[in-house]
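Everything below concerns the one structure shown next.
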Amino acid sequence: MIRIDDLDFSHAGGGFRLHVPQLNVAQGEKVAVVGPSGTGKTTLLHLLAGLLTPQSGTVQVDGTPVPHLSDAARRRFRINRIGFIFQNFELIDYLSAGENILYPYRVTDALRLDASVRARATALAEAVGLGHRLGSKPAALSQGEKQRIAICRALVTQPALLLADEATGNLDPENKQMILDLLFTQAEAAGATLLAVTHDHALLPRFDRVIDFNDFRSKAGAGA
Amino acid sequence: MRGAIFLALAYLRHNLGRSLVLILSIALILFVPLATRQVLSVSEDQLTARAADTPLMVGARGSALDLMMNGLYFSADRPEPVTMAATERIWASDLAIAIPLYVRYTAGGAPVVGTTLDYFDFRGLKVAEGRGLAVLGEAVLGARAARRLGLGPGDLLISDPENLFDLAGSYPLEMKVTGVLAPTQTADDDAVFVDLNTAWVIEGLGHGHDDVVTSGMAVGEAEGNVTANAALTRYTRITPDNIDSFHFHGAPEGYPVSSVIAVPWDQRAATILRGRYLHPEDTTRIVVPEVVVEGLLQTIFRIGRILDAVFVVVGAAAAVAVALALYLSLKLRGDEIATATRIGCHRSAIWRMVAAEVVIIALAALALTGVALGLLGPYLDSLAIWLITS
């Protein structure tokens, strides 16, 4: 699903450099990415999503060489193949929970919003226990509810790869477990690969594999 | 594009106060110059049409504009009056019909126009309710005046006192409304028409009272004139019972009129008539209202140009302010745009979203401006007359 070879990335201003000799993640695998702040965990997710372009190396997602795509093609690839879940949920405050789930369909012509999509959105909301809150605005939702809606938004396009950037970082322990349960359940149901950046080591046993940026080269290099 | 419109509408609804302020601001920026232009345009049309319908006007020397505005629009500007002799002079010339006008008093705030029945024929005024003027003390109301005052045939209307503390001055006269004219969208709609004699009664030149001799109130007699004591009361209402007691003192040719409309038989008669008022010693003058209006329109045109320049500057400043408000709104939506980008939204979709918001605001402002202009429409004539006469 994910294949990275000899990737080199540094920001234009310098001072930060990410080097990944090799990283392979299989289809449907659930991988946790851990490590201190500033080591490049979020950068890795952005490179996989085509939000950043490496200076050299190969980044392939589902067989697609992401850095070699044009800007428009990368955006299309992202909306079709990748689901993003953010630490701060990043829900749109002027839309209801239901419309937030359908947001990807509102901001691109690449996806078509029809009755089946609406039904899927409702089913996802019901699956995460928020079927009754679809009309509520984000301001009226709890932190846990917001993240559940954000997960629904990431899953509604049926992506092949789910990228979660500290998706449980702003949640209390009870909500963390619940969100992780949901993430795993929904990812499994959709057959999606999950790559989740986390600081919470208590959650690590639940993942198939852990990539530690402290010892990135040895662990990542030894992977798959 | 449907997604962009949906998001724009949702955003505007969510920020309803800000959206309404923007829409109202833009609508106001559009409405003020457009409405001003419309009012000016209707005023110009009114001025031109009414002046073109009035061939010649005779009055006292002085401001031709005051004379014309008083005679055509019954404005509060009072030109120096001339006497009825000016009317007789036109009749005696056998070159034109003379229609005297005496516009000095008001009733219920509407100008009281003392004139003859020729005026109604000349202006093509038709009585829509009731009947026309027949006897002393009767009034016929213009359509708007009747509506504003809430009066109709059979009602009573009292002339406005000129000076409450002038006991020796003219007393208000209670007039009987006999008819209401059909609307004409001209200054005639706002006037109260009375016979010239009624206007002179308001002036105090004519009056009615008990017989001085038989009532025992005579205190002296000299050269045929009887002097009454202070107990004598003058009638302030003309009724069938007292109408015969109304009389005028002095020679009628000395009674005042504001102006005289002269309707010459033909162009030749008009030219001859105009020639008769060229003598520098003549205390009366003759004006061609259309020529006076042309001069006035030149001034209005210049004012219009200045107003246009002001509107352009104010409009530009307002447009910059609106653009700034939209830019700041876009900045505030930075997080949303970043999220949309990360999800995979194309840059053009973000611009479409912003464009949809701008277009919706602009369309709403245009619609509001259209509605406001539509609501203004029926009042344009009144506004134009108010603008002309005030």
Worksheet entry | Selected residue (criterion: nearest to the chain's Cα centre (by Cα)) from residues of the stretch B:327-380 that are of a type in the set (S, T, Y) and away from every other protein chain (no Cβ under 12 Å) | B:Y379
Worksheet item: Looking only at the stretch A:85-137, which residues are acidic (D, E), surrounded by 17 or more Cβ atoms within 10 Å (Cβ to Cβ) and either touching an Asp or Glu at 6+ places or on another chain (Cβ under 9 Å) or more than 9 Å from chain B (Cβ to nearest Cβ) (or both)?
Response: A:E90
Worksheet item: Going through the stretch B:7-46 one residue at a time, which ones are more than 38 Å from the chain's Cα centre (by Cα) and crowded, with 19+ Cβ neighbours inside 10 Å?
Response: B:L7, B:A8, B:Y11, B:L12, B:S19
Item to complete: Look through B:V320, B:V292, B:V312 and report the one residue that is in contact with a helix residue (DSSP H, G or I) (Cβ under 8 Å, 6 or more places away or on another chain), of a type outside the set (G, A, S) and outside any loop (DSSP other than H, G, I, E, B).
Response: B:V292
Worksheet entry | Considering residues of the stretch B:264-299 that are aliphatic (A, V, I, L, M) and over 16 Å from B:D66 (Cα atoms) only, the residue surrounded by the most Cβ atoms within 10 Å (Cβ to Cβ) | B:L273
Practice prompt. Mind listing just one residue for me: the one in the stretch B:122-161 that is charged (D, E, K, R) and outside any helix (DSSP H, G or I) and, of those, modelled with the lowest pLDDT?
Written response: B:D160
Item to complete: Could you please find all residues in the stretch B:304-336 being in contact (Cβ under 8 Å) with a residue 40 or more places away in the chain and farther than 15 Å from B:A355 by Cα?
Response: B:G304, B:L307, B:D308, B:F311, B:V314, B:G315, B:A318, B:A319, B:A321
Item to complete: Only residues that are in contact with a helix residue (DSSP H, G or I) (Cβ under 9 Å, 6 or more places away or on another chain) and not hydrophobic (A, V, I, L, M, F, W, C): list them for the stretch B:268-282, please.
Response: B:R276
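The values are calculated or read from the model by the stated rules, or taken from the named source; none is laboratory data. Since the model is a prediction, treat every value here as computed from it, not as a measurement. Quick reminder, even Gly has a Cβ in these numbers, built from the backbone with ideal geometry, and neighbours come from all protein chains shown.
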